[in-house]
Amino acid sequence: PKDVVSGDIYWFNQLNGKRYFSAIDCTGHGVPGAMVSMVGHNWLEYAVKDLKLERPVDILGALNEGVTSTFKEKDEDGAVKDGMDLALCCVDYKAMKLQFAGAYNPAIIVRNGELIQLKGDKCPIGAFSRRAVAGFTHQEIDIQKGDMVYVFSDGYADQFGGDDGRKFLIANFKKLLTDVHALPVDKQKEVLEQTFFEWMKYENQLDDILVVGVRI
């Protein structure tokens, strides 16, 4: 977290033998971000446990409706002020398939040094009146034992640092994930943390940081 509490949260669940995980980037950070994250977490739980929704695309649809109905405060334009970007994955180990839906954020699979990206839709959680919300896209891909699947917020790639105070950038972040994917997951975490703090140096942390990696 950038502050004591975070607007970035991770979420895990399971239903009918399928495993779900998500990295969620909520509006703001600190206490305001944490309050939004609680709303997101509760609606995700409701979508799976109560509505029994199994596909990530359907879960995101329910989450969008829930967040929109929860935050009644609107500006003169009618736009919901609070929302979240996220990547949501469902792993079906029996069929060895991964289902994915994303609100702006992608999922990345690294297999034997090769990177596969599943792009999120340019559609946030939270309805906006300035443009039509097109909804989310169901994506499905075969997975293999040993694959690493990553979901994350934008905090790592957007951090300023280095010798000239520039952003780390998503291209460098993808290369870093590719470089570390074969390591044990606890070692990957160490390398990601060390790389981040060495990059940040004397800069202030810009945002909350969240990276979730799952070994298939």
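The values are calculated or read from the model by the stated rules, or taken from the named source; none is laboratory data. Worth saying up front: this structure is predicted, and the values here are computed from it rather than measured. Methodologically, a virtual Cβ is constructed for each residue, glycine included, from the backbone with ideal geometry; neighbour enumeration extends over all protein chains shown.
Under the condition of being touching a Leu at 6+ places or on another chain (Cβ under 9 Å) and among the aliphatic types (A, V, I, L, M), which residue from the stretch 12-39 is surrounded by the most Cβ atoms within 10 Å (Cβ to Cβ)?
ILE24
Taking GLU45 as meeting all but one of (1) modelled with pLDDT under 95; (2) more than 19 Å from GLN139 (Cβ to Cβ); (3) more than 15 Å from the chain's Cα centre (by Cα), write down the number of the exception.
(1)
Can you name the number of the only condition in (1) in a helix (DSSP H, G or I); (2) at pLDDT below 95 that TRP199 fails?
(2)
Would you mention how many residues in the stretch 50-95 are part of a loop (DSSP other than H, G, I, E, B), surrounded by 15 or more Cβ atoms within 10 Å (Cβ to Cβ) and modelled with pLDDT of 95 or more?
The qualifying residues number 3.
Matching residues to (1) outside any loop (DSSP other than H, G, I, E, B); (2) among the aliphatic types (A, V, I, L, M); (3) surrounded by 12 or more Cβ atoms within 10 Å (Cβ to Cβ):
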position	(1), (2), (3)
LYS145	no, no, no
VAL151	yes, yes, yes
ASN172	yes, no, yes
LEU176	yes, yes, yes
ALA182	no, yes, yes
GLN194	yes, no, no
LEU206	no, yes, yes
